[in-house]
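Encoded as structure tokens, the structure appears first; notes follow it.
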Amino acid sequence: MDSVFPDSRLPVFRVLLKAIPRRLLVGSAVVALAATACSTAMFGDPSGITGAELGAPQLEITVLAGDDLTVVPAAVDVDGVPVTLDAVGTVTVAWPERPMTIQVDAPGFHTWTEELAEYPQAGTIEFRLDPVVLIGRITTPDGVALPGVEVTLGEAVPDVTDEDGRFRIERAVPGEARMVRPAWQERTYSWDGAIDKADLTMEPLQVRALRAGADAIGDQARWREVLSLADVTGVDGLVIDVKDETGTVLHDTEVTEAHEIGAVKAFYDLDDVVAEMDARDLYGIARIVAFQDTPLATADPDHAVTSDAGGLWETNAGHNWLDPSDPAAYEYAVDLGEEACRRGFDEIQFDYVSYPFGGNVSTAVFDGAYTEEVRVASIIAFLDRAYTVLSPLGCAVSANVLAITLESPTDEGVGQRPGAMSRTIDVLNPMIYTTNYGPGWKGIEDPDAFPIEIVDGALANGVRKLEGFGYYRPWLQTWTISSADVRAVQRAAEARDLGWLLWSSATSYSADYLPPR
């Protein structure tokens, strides 16, 4: 036997076997072992190697996410038989020496089916799955891009719409998409996966709210009256005075500056008020007077409006103002708004967010030039600063505006232009009171006798001025007009799909002119 198959030849076979590339190893091994089997039949097998011991060729399958090459929880079928991936996304199967079908499915990724006609060169195959992507754009009912909408869909990473209202959800799985944004009605969208693009609209949040003054909130009997009205009518929100026209902060604030300048006079506990509103599912709006602020102007005159005669500028009623052209004058009101937002309010409303009025403005001195361009830019800068702080916290941002600016071609000297403001904040609150319109306005001798025409006319003209995502929620009056007209002006706003705010200086309201529950 040794003369026929000398031992010196066997090591040569082993070396060649090791040197054969993996892609050829199986076929070559089968051929080599067949020749050895024939020799064994004649001469015996000095090595003891048999074809059965080498077994079938092995195929290594790996599945990774195509976007970041991480392991994904995929389901793999090989010729219709499920196999299980290990912790690194790999499984090894026997190659059947015939065409093989591999199908890979993973939630949030496109299914991949591979028909393997031949054994892969390296003995491995890697699947990099493409994620399913849902893209879309969210707009207002008027087609204006709506930024800042959080879009969630199942377990996919949420996205927030950009300035053009666009979003992108990767690894999307069919289900209910949820869209949330302060000051807008939450909406859902059932996505079945059949399309990869969805253009959607959201509706403004229609709030019908009453203003509650600090003295009324601090009086339990009066506060209960206000809450009871919300219980039995269609009122679904309250505007709570947090800082008023005198500059007084009306609760025991955590903003230390308010205490340092002696501005705090606590009428109520802020957390208790929020809890009462939450218990009734009422929309809470914190009203904060911004630039008319005698305590802060007195304590920090460097950031206040001064007089050309020296000293602080005053209104006819003796109030002082902070300088809207001075960015340092912004932070105090924003800090109070941030506190109210963190403690549970849904919306922060800034009042007196304008240049001063109610006095001889010709004697006022500001850091910046007193031009319309500077005035408008200053008010927008304040609102932008407030929005930057408050919107990420989940609060809507609103501002009270003089109703005349809805119909005037100028800023009326106060820096308010609805178009520019609507590109910056969520809600504009024009104060449309017949008492603010003099006899002869639009040929009307007695504006109090035509409240519906006054309100509807202001809104009609104002809507045409809007340029951004912001919308109107007007302040309406409760005095000098009849109960029937109070309800009628509410309907005028509602007819435009707008909510409204009702003002009463005495926090005194009647269910007679409130909508039914």
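The values are calculated or read from the model by the stated rules, or taken from the named source; none is laboratory data. Since the structure is predicted, the reported quantities are computational estimates derived from the model, not experimental observations. Cβ sites come from the backbone with ideal geometry, for glycine too, and all protein chains shown count toward neighbours.
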Checking 196, 164, 159 in turn, the sole residue that is farther than 26 Å from residue 387 by Cβ and of a type in the set (Asp, Glu) turns out to be 196
Looking only at segment 209-219, decide whether some residue is more than 30 Å from residue 492 (Cα to Cα), part of a helix (DSSP H, G or I) and without any contact (Cβ under 8 Å) to a residue 60 or more places away in the chain. yes
Looking for something of a type in the set (A, V, I, L, M) and free of Cβ contacts under 8 Å to residues at least 60 places away in the same chain - is there at least one such residue anywhere in segment 493-514? yes
Here are 448, 426, 497: which of them is within 24 Å of the chain's Cα centre (by Cα), acidic (Asp, Glu) and assigned by TED's automatic domain parsing to the domain that holds residue 286? 426
Quick one: in segment 333-342, which of the residues that are closer than 16 Å to residue 379 by Cβ and either more than 22 Å from the chain's Cα centre (by Cα) or not small (Gly, Ala, Ser) (or both) is surrounded by the fewest Cβ atoms within 10 Å (Cβ to Cβ)? 334
Look through segment 185-200, keep the residues that are part of a strand (DSSP E or B) and touching a residue at least 60 places away in the same chain (Cβ under 8 Å), and return whichever of them is surrounded by the fewest Cβ atoms within 10 Å (Cβ to Cβ). 197
Give the number of residues within segment 419-457 that are part of a helix (DSSP H, G or I) and either surrounded by fewer than 23 Cβ atoms within 10 Å (Cβ to Cβ) or among the hydroxyl-bearing types (Ser, Thr, Tyr) (or both). 13
Anything in segment 385-412 that is crowded, with 18+ Cβ neighbours inside 10 Å, over 15 Å from residue 184 (Cα atoms) and among the polar types (S, T, N, Q)? List them, or say none. 400, 405
For segment 171-184, name all the residues that are touching a residue at least 40 places away in the same chain (Cβ under 8 Å) and more than 20 Å from the chain's Cα centre (by Cα). 171, 173
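Per-residue answers, yes or no, for (1) surrounded by 19 or more Cβ atoms within 10 Å (Cβ to Cβ); (2) closer than 23 Å to residue 396 by Cα:
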| site | (1), (2) |
| --- | --- |
| 253 | yes, yes |
| 257 | no, no |
| 285 | yes, yes |
| 300 | no, no |
| 315 | no, no |
| 325 | yes, no |
How many residues of segment 265-283 are crowded, with 19+ Cβ neighbours inside 10 Å and among the small types (Gly, Ala, Ser)? The answer is 0
For segment 443-476, enumerate the residues that are basic (Lys, Arg) and closer than 12 Å to residue 493 by Cβ. 473
May I ask you to verify whether residue 309 is in contact (Cβ under 8 Å) with a residue 24 or more places away in the chain and surrounded by fewer than 16 Cβ atoms within 10 Å (Cβ to Cβ)? yes
What strands (runs of 3 or more DSSP E) completely inside segment 89-166 contain at least 3 residues that are within 30 Å of residue 466 (Cβ to Cβ) and touching a residue at least 60 places away in the same chain (Cβ under 8 Å)? 133-139
Please find, among 378, 362, 391, the residue that is at pLDDT 95 or above, over 20 Å from residue 421 (Cβ atoms) and not in a loop (DSSP other than H, G, I, E, B). 362
Hey, residue 99 hits all of (1) under 20 Å from residue 56 (Cβ atoms); (2) surrounded by 14 or more Cβ atoms within 10 Å (Cβ to Cβ); (3) not acidic (Asp, Glu) but one; which does it fall short on? (2)
When you scan segment 124-136, how many residues do you find that are over 18 Å from residue 101 (Cβ atoms) and either small (Gly, Ala, Ser) or crowded, with 18+ Cβ neighbours inside 10 Å (or both)? 4
Would you mind stating whether residue 470 is over 22 Å from residue 211 (Cα atoms), in the same structural domain as residue 386 (by TED's automatic domain parsing) and not hydrophobic (A, V, I, L, M, F, W, C)? no
